[in-house]
1. Identify, please: which residue in the stretch 145-159 is assigned to a helix (DSSP H, G or I) and in contact with a strand residue (DSSP E or B) (Cβ under 6 Å, 6 or more places away or on another chain) and is, among those, surrounded by the most Cβ atoms within 10 Å (Cβ to Cβ)?
2. Show the residue pairs that are 6+ apart or on different chains and have beta-carbon atoms under 7 Å apart, the first residue being within the stretch 6-20 and more than 17 Å from N33 (Cα to Cα) and assigned by TED's automatic domain parsing to the domain that holds T53, the second being among the charged types (D, E, K, R) and surrounded by 15 or more Cβ atoms within 10 Å (Cβ to Cβ).
3. Which of the helices (runs of 4 or more DSSP H) contained wholly in the stretch 1-81 include at least 1 residues that are at pLDDT 95 or above and closer than 29 Å to S102 by Cβ?
4. Given V54, V64, which one is of a type in the set (V, I, T) and without any contact (Cβ under 8 Å) to a residue 60 or more places away in the chain?
5. Let me spell it out: the conditions are (1) in contact with a strand residue (DSSP E or B) (Cβ under 6 Å, 6 or more places away or on another chain); (2) closer than 27 Å to V136 by Cα; (3) of a type in the set (G, A, S), and G42 meets all of them except one. Which number is the exception?
6. Kindly establish whether Y50 is surrounded by 14 or more Cβ atoms within 10 Å (Cβ to Cβ) and closer than 30 Å to C135 by Cβ.
7. Could you figure out which of (1) free of Cβ contacts under 8 Å to residues at least 12 places away in the same chain; (2) touching a helix residue (DSSP H, G or I) at 6+ places or on another chain (Cβ under 6 Å) isn't true of A34?
Amino acid sequence: MLTASKARVALRYNQRTGVFHWKYRADMTAQWNARYAGRIAGWKGKNGYYFITVDNVAYYAHRVAWLIIKGRWPKHDIDHKNRKPMDNRFCNFREATQSQNSRNTSAHYDSRIGLKGVGYCKGAHKSHRWYATICVNYKNKYLGLFPTPEAAHAAYKRAAKQFHGEFASAA
């Protein structure tokens with residue numbers, strides 16, 4: 001497992017920009033240093049996150065940044081506050097449980113209307129066909145029926161602020 005001291009020897013991390021660069025390394029060959037030293041480290045994975053490979057092991061860049069700055073691996077997940085997985089500025093990070101991290105998400109990819117917590121109810125009375133729900137303590141909580149998707153989303157946003165606090169995301 002990568003240690004903070006090894007990461008600091010191998011990488012230069014700019015916490016304002018979130019960019020990593022390889023450092024010149026005495027433990028590597030002249031060929032490696034000529035090719036990599038001073039260059040941007042890492043690569044974008046298929047899942048949209050940035051990775052850095054050290055000693056043939058790939059690590060999430062945001063976790064390596066946490067290791068370099070804090071001197072320890074995070075105890076839980078690292079949440080990107082702005083929900084942009086390529087934004088590895090340290091000010092964009094907060095340690096979060098898996099449950100907290102899952103709250104800071106966008107509407108589900110197959111959402112018809114793109115509003116988090118909102119769905120369409122065919123069988124409801126014609127004047128109130130939009131419903132809102134929120135997940136609280138791993139259980140869906142029904143918030144009611146509404147005349148418009150915007151009204152249902154407003155109810156979701158109020159509930160998200162109440163139940164999810166700083167991790168609430170209404171996007």
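1. Among them, the one singled out is A152.
2. Pairs found: Q15/R89; R16/R89; T17/R89; G18/D87; G18/R89.
3. It comes to 4-10, 61-70.
4. V54
5. (2)
6. yes
7. (2)
The values are calculated or read from the model by the stated rules, or taken from the named source; none is laboratory data. Remember, predicted model here, so these are calculated numbers, not experimental data. As a convention, Cβ positions derive from the backbone with ideal geometry for all residues, glycine included, and neighbour counts pool all protein chains shown.
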